[in-house]
Amino acid sequence: MKVLVLNSGSSSIKYQLFDMRDESVLASGSIEQIGETGSHLSHRFRTPQGEMAKTVQALAIGDHRQGFELISSALRETGALADTGELMGIGHRVVHGGEKFKEPTRVTPEVLAAIRGLIPLAPLHNPANLLGMEVAMECAPSVPQVAVFDTAFHQSIPPHAYRYAIPKKLYEAHQVRRYGFHGTSHRYVAKKAAEFLKKPLDSLNLISLHLGNGASAAAIKRGKCIDTSMGLTPLEGLIMGTRCGDLDPAIIFYLERETGLAPKEIESILNKESGLKGICGANDMRTVGELAQAGNPEAQLAISMYCYRIKKYIGAYHAVLGGLDGLIFTGGIGENAEFIRAGCCKGLAHLGLEMDTEKNRRRQEGCAALEQGDSRVKILVIPTNEELEIAEQTVACLETEESGSTLCREKQ
Ligand code: ADP
């Protein structure tokens, strides 16, 4: 019961092969710099002794099709997969599913056309995701393929939270609304948090903080997302590595007028030169932490601003959830940066969040509870695993389809 998960970028393909009987990873890797000099395949696989080994091959990889064929050969040669026919399914990460895709969906020509129709909403990501699906369908035509959307988990958000207060026709004609991203991660960590707390997910109110290079918060009421910080695009919300997050929209027009910069240039500044990088010059939180520790005032300000923005979202989501059972930290920063977790929870005892400083400092690998014994709200670190969530959703989608078609056959 093997499932391959693919995440196709414009010049890269990341992959993981799972044995879904025990959810173990049989192989993983990436192809980078497709179509450029320096293209290479980096492949990790399980040896017959059960250990993970790694090979890196520098190869001329001209396009995604060649990339997919190389991944298939690497999987075959290292004994992970004799043939693509052995796959139960291939799960594809797709960034934008618009309002149409609320669930993981079996890829068909109609589904590809609908995802193509959403390109204006995600012009950088959806074309690359589409390319990956088209190539995989060509190279492995008999294997069922499933699209898993980053936006799908947020489709339960009600209109009062997803609409912007701008003319209705901009929503109707141009689909301007909040979609949210990182949905696969928010869904996964919410599920794992419920398992960790040994409580049904539909009995819990959770706030999940996915803090990686990109960052977003989600308010999850009884298992359903009711609000999230990213919007029409991933630019809104929390402060990120290089993205500004929330901003007075008039700043854009002011900058245009005052600096003569073109809208495209301002867009690039807000996405690539802002956030932590804009405040202190470094976008990697490890570097920001080291600079702050060494007394750099800009890095210290970047951390204060980063945590302050998160605290505002915790307060807002606490209010809209009508009470909170757990706060989840995940992503590279959420899982590893204890000074950020501490900064986000500081002074929130009145909301029932009381962190145990020692537990926070000593947190090891895996899921952990960091709150004091009498804290009303659990403070959790839950490592995310978006690839596993995509694999699980791929299996669930194919099984539902299978039982649906059995039902259809029975009805006939
Ligand atoms: P992506 O969004 O690209 O998947 P990750 O989830 O891997 O990113 O998160 C990357 C961020 O996590 C970087 O800012 C990195 O500095 C930060 N990070 C990773 N490990 C640590 C650590 N030990 N301490 C502080 N920050 C860390």
Out of the residues in region 115-131 that are part of a helix (DSSP H, G or I) and of a type in the set (Gly, Ala, Ser), state the one that is modelled with the highest pLDDT.
Gly117
Quick one: in region 22-45, of everything that is surrounded by 15 or more Cβ atoms within 10 Å (Cβ to Cβ) and either of a type in the set (S, T, N, Q) or at pLDDT below 90 (or both), which residue is nearest to His125 (Cα to Cα)?
Ser30
Does region 268-285 contain any residue that is more than 16 Å from the ligand (Cβ to nearest atom), charged (D, E, K, R) and assigned to a helix (DSSP H, G or I)?
no
Of all residues in region 231-247, how many are within 11 Å of the ligand (Cβ to nearest atom) and acidic (Asp, Glu)?
0
Test of understanding: among Glu110, Glu99, which residue is surrounded by fewer than 12 Cβ atoms within 10 Å (Cβ to Cβ), closer than 26 Å to Arg187 by Cβ and at pLDDT 95 or above?
Glu110
Which one of the conditions (1) within 26 Å of Pro159 (Cβ to Cβ); (2) within 16 Å of the ligand (Cβ to nearest atom); (3) of a type in the set (A, V, I, L, M, F, W, C) does Ile252 fail to meet, given that it meets all the rest?
(2)
Looking at (1) surrounded by fewer than 18 Cβ atoms within 10 Å (Cβ to Cβ); (2) within 25 Å of Asn385 (Cα to Cα); (3) more than 21 Å from the chain's Cα centre (by Cα), can you tell me which one Ala173 breaks?
(2)
Evaluate the following for Leu398: is it modelled with pLDDT of 95 or more and assigned to a loop (DSSP other than H, G, I, E, B)?
no
Every residue in region 322-356 that is among the hydrophobic types (A, V, I, L, M, F, W, C) and in contact with a Leu (Cβ under 8 Å, 6 or more places away or on another chain), please.
Leu324, Leu327, Ile328, Phe329, Ile333, Ala337, Ile340, Cys344, Cys345, Leu351, Leu353, Met355
Restricting region 105-114 to residues that are part of a helix (DSSP H, G or I) and aliphatic (A, V, I, L, M), the residue that is farthest from the chain's Cα centre (by Cα)
Ala113
Being surrounded by fewer than 19 Cβ atoms within 10 Å (Cβ to Cβ), at pLDDT 90 or above and within 16 Å of Asn385 (Cα to Cα) is the requirement here; does Asp19 meet it?
yes
Among residues belonging to region 309-334 that are touching a Gly at 6+ places or on another chain (Cβ under 7 Å) and either of a type in the set (Gly, Ala, Ser) or without any contact (Cβ under 8 Å) to a residue 40 or more places away in the chain (or both), point out the one that is farthest from the ligand (Cβ to nearest atom).
Gly331
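Name the residue, out of Gly323, Gly315, Gly332, that is modelled with pLDDT under 95 and not basic (Lys, Arg).
From the options Gly323, Gly315, Gly332, the qualifying one is Gly323.
Let's see how each residue does on (1) in contact with a Phe, Trp or Tyr (Cβ under 9 Å, 6 or more places away or on another chain); (2) under 25 Å from Asn126 (Cα atoms); (3) buried (at least 21 other Cβ atoms within 10 Å of the Cβ):
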{"position": "Gly245", "(1), (2), (3)": "no, yes, yes"}
{"position": "Tyr254", "(1), (2), (3)": "no, no, no"}
{"position": "Ile266", "(1), (2), (3)": "no, yes, no"}
{"position": "Asp284", "(1), (2), (3)": "no, no, no"}
{"position": "Phe329", "(1), (2), (3)": "no, no, yes"}
{"position": "Gly332", "(1), (2), (3)": "no, yes, no"}
Could you check Tyr306 against (1) of a type outside the set (Gly, Ala, Ser); (2) within 16 Å of the ligand (Cβ to nearest atom); (3) over 14 Å from His210 (Cα atoms); (4) at pLDDT 95 or above and say which number it fails?
(3)
Out of the residues in region 335-392 that are of a type outside the set (Asp, Glu) and part of a strand (DSSP E or B), state the one that is farthest from the ligand (Cβ to nearest atom).
Lys378
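The values are calculated or read from the model by the stated rules, or taken from the named source; none is laboratory data. As the structure is a computational prediction, the values presented were derived from the model and not from experiment. FYI the Cβ positions are ideal-geometry reconstructions off the backbone, even for glycines, and counts take in every protein chain you see.
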